[in-house]
1. Being free of Cβ contacts under 8 Å to residues at least 12 places away in the same chain and not polar (S, T, N, Q) is the filter; apply it to segment 230-239 and report the residue that is surrounded by the most Cβ atoms within 10 Å (Cβ to Cβ).
2. Does Leu209 qualify as being modelled with pLDDT of 85 or more, out of contact with any strand residue (DSSP E or B) (no Cβ under 6 Å at 6 or more places or on another chain), closer than 27 Å to Ile12 by Cβ and not polar (S, T, N, Q)?
3. Would you point out which residue out of Pro46, Pro3, Pro21 is more than 15 Å from Leu108 (Cα to Cα) and in contact with a helix residue (DSSP H, G or I) (Cβ under 8 Å, 6 or more places away or on another chain)?
4. Quick check on segment 8-22. Is at least one of its residues farther than 27 Å from Arg134 by Cα, in a helix (DSSP H, G or I), open to solvent by less than 50 Å² (accessible area, probe 1.4 Å) and out of contact with any strand residue (DSSP E or B) (no Cβ under 8 Å at 6 or more places or on another chain)?
5. For residues in segment 112-141 being open to solvent by 20 Å² or more (accessible area, probe 1.4 Å) and assigned to a helix (DSSP H, G or I), which is farthest from Leu28 (Cα to Cα)?
6. Kindly list, by first and then second residue, each pair from a residue in segment 167-194 that is at positive phi to a residue that is assigned to a loop (DSSP other than H, G, I, E, B) and basic (Lys, Arg), limited to pairs with Cβ atoms under 7 Å and residues at least 6 apart or on different chains.
7. Ala151 - would you say it is in contact with a helix residue (DSSP H, G or I) (Cβ under 8 Å, 6 or more places away or on another chain), over 15 Å from Gly245 (Cβ atoms) and not acidic (Asp, Glu)?
8. Please return the ranges of helices (runs of 4 or more DSSP H) entirely within segment 151-263 where 3 or more residues are within 18 Å of the chain's Cα centre (by Cα) and under 30 Å from Lys96 (Cβ atoms).
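The values are calculated or read from the model by the stated rules, or taken from the named source; none is laboratory data. Being a predicted model, the structure only gives us computed values, none of them experimental. FYI the Cβ positions are ideal-geometry reconstructions off the backbone, even for glycines, and counts take in every protein chain you see. Side chains included, ligands, DNA and RNA excluded: accessible areas come from the protein's heavy atoms. Shrake-Rupley method; radii C 1.70, N 1.55, O 1.52, S 1.80 Å.
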Amino acid sequence: GEPALSPQFPVILDWIHAKDPHTRHVILTNGTLPQRLWAGGLARFPEVSVQISLDGPDAVTHDSIRGKGSFDQAIAGAYFLQAHGISVYFQAVLSKRTAPLIPDFFTLAKKVGVTQMAFARLVREGQAVGLLARGEDEVLPPRELRSAFQAMLIESARTAVATNTNQPLFTLLHPGLGRSGRYWEGMVVDYQGYLLASSRSRLRLGQVLESGLESLYLEHPHFARLRRGRIKGCGTCPHLKRCGGDRNAALAETGDYFAADPGCWQVSKTLEKEIVYEKAVS
């Protein structure tokens, strides 16, 4: 949900800061309530940044998803937070609808002065399920996803606005890019105390207050399988350690967290060759 709506928001921040004053805080928000975030005293923390979600680089495209007036409020929120010394970056969903708008997103980010224009792949979960069922958007197939990633790199260079190349599949474009999508380099614990496979999958692996965080993280079969590289389509790939495929996308499309990444153009190319071969021999 929207953290700025919670009366516990500043209380939680104070508690974390008291435990470790050097903790890095990243707040995810729709940007329409910056005064509430400011009331939480964000600027007093040494390392804090705010991610504002955008569903379009203009009022027409953004408001069609978020509601009338939400784009103007989000942009005003970005200016407000930056004026108070808080680092801000934008994040948009990467899909059939938004991929052609990548240049416009970067132009907007440059104009507003945010630190980064980031993108997260559309996956078939949450509100996206209804969006896809109504035909209002589509998940990018492998070749179009590759083109979208390339466009991100081009526009980042054009505008000098950073983007998030630290995600699965980017290493297929350049060996210096990318980051593992196996999701066991860190830990995600939800507000009810459950250890999650990843923040977007909502796949609960155990209750940390009952089973212990260390025990779950080190001994749970889910993490053990990831560490052994037991991932379909990825286990023998030379890019496993740097990539590992997007597990959230695999789970959303197939129901199997350890399936091949449905957006991987390298896996897609291999499957195409297998299909051609099967047709030839039959």
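1. Keep residues of segment 230-239 that are free of Cβ contacts under 8 Å to residues at least 12 places away in the same chain, which gives 235-236, 238.
Okay, now just the ones that are also not polar (S, T, N, Q), so 235, 238.
Working: Gly235: 13, Pro238: 10.
That would be Gly235.
2. Details: modelled with pLDDT of 85 or more: yes; out of contact with any strand residue (DSSP E or B) (no Cβ under 6 Å at 6 or more places or on another chain): yes; closer than 27 Å to Ile12 by Cβ: yes; not polar (S, T, N, Q): yes.
It is true that Leu209 is modelled with pLDDT of 85 or more, out of contact with any strand residue (DSSP E or B) (no Cβ under 6 Å at 6 or more places or on another chain), closer than 27 Å to Ile12 by Cβ and not polar (S, T, N, Q).
3. Answer to the selection: Pro3.
4. yes
5. That would be Ala133.
6. Short answer, once both residue conditions are applied: Gly178/Arg242.
7. Yes.
8. 247-254
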